[in-house]
Amino acid sequence: QVQLVESGGGLVQPGGSLRLSCAASGPFFSVMSMGWYRQAPGKQREFVASITSGGSTKNYADSVKGRFTISRDNAKNTLYLQMNNLKPEDTAVYYCNKASNFLSWGQGTQVTVSS
């Protein structure tokens, strides 16, 4: 069973940047399409971005297109999310998981965008 641990969140001012990481333990990470998701206070968890197993295809929510970049390093079993030009509405707990047939959710990492 793959376990997922997110890190890299924090407090940042509007317009700032953060890079999130998701470390996966267990087998088969390199063959799984993966995604980032987020949940803001009082809202349902929503899709942010996804990437295929080899990294050739990426998809983004409209709200983050042009600002966020998803990537992966299969040799390190790690998924990344580079977030630029952050806005207050990006404030949420960010999670990684498979792109479908979800695994158990990790703890997530808190991202707070505030001046």
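Considering only residues of the range 71-115 that are without any contact (Cβ under 8 Å) to a residue 60 or more places away in the chain and among the basic types (Lys, Arg), which is nearest to ARG19 (Cα to Cα)?
ARG72
Restricting the search to the range 84-106, which residues are among the small types (Gly, Ala, Ser) and open to solvent by 70 Å² or more (accessible area, probe 1.4 Å)?
Passing the criteria: only SER104.
Go through the range 24-58 and give me each residue that's open to solvent by 50 Å² or more (accessible area, probe 1.4 Å) and of a type in the set (A, V, I, L, M). Break it down stepwise before answering.
Residues of the range 24-58 open to solvent by 50 Å² or more (accessible area, probe 1.4 Å): 25, 27-28, 30-31, 39, 41-47, 54, 56-58.
Of everything in the range 24-58, just one residue is open to solvent by 50 Å² or more (accessible area, probe 1.4 Å) and of a type in the set (A, V, I, L, M), namely VAL31.
For the range 1-16: of the residues being among the polar types (S, T, N, Q) and open to solvent by 60 Å² or more (accessible area, probe 1.4 Å), which is farthest from ALA75 (Cα to Cα)? Spell out the reasoning first.
First, the residues of the range 1-16 that are among the polar types (S, T, N, Q): 1, 3, 7, 13.
Checking the rest, the ones that are also open to solvent by 60 Å² or more (accessible area, probe 1.4 Å) come to 1, 3, 13.
On the way: GLN1: 18, GLN3: 16, GLN13: 33 Å.
If we take residues in the range 1-16 being among the polar types (S, T, N, Q) and open to solvent by 60 Å² or more (accessible area, probe 1.4 Å), then GLN13 is farthest from ALA75 (Cα to Cα).
The values are calculated or read from the model by the stated rules, or taken from the named source; none is laboratory data. Since the model is a prediction, treat every value here as computed from it, not as a measurement. A quick note on method: Cβ atoms are made from the backbone with ideal geometry, for glycine too, and the neighbour counts reach across all protein chains shown. The area values use the complete protein model at the heavy-atom level, side chains included, leaving out ligands, DNA and RNA. Shrake-Rupley method; radii C 1.70, N 1.55, O 1.52, S 1.80 Å.
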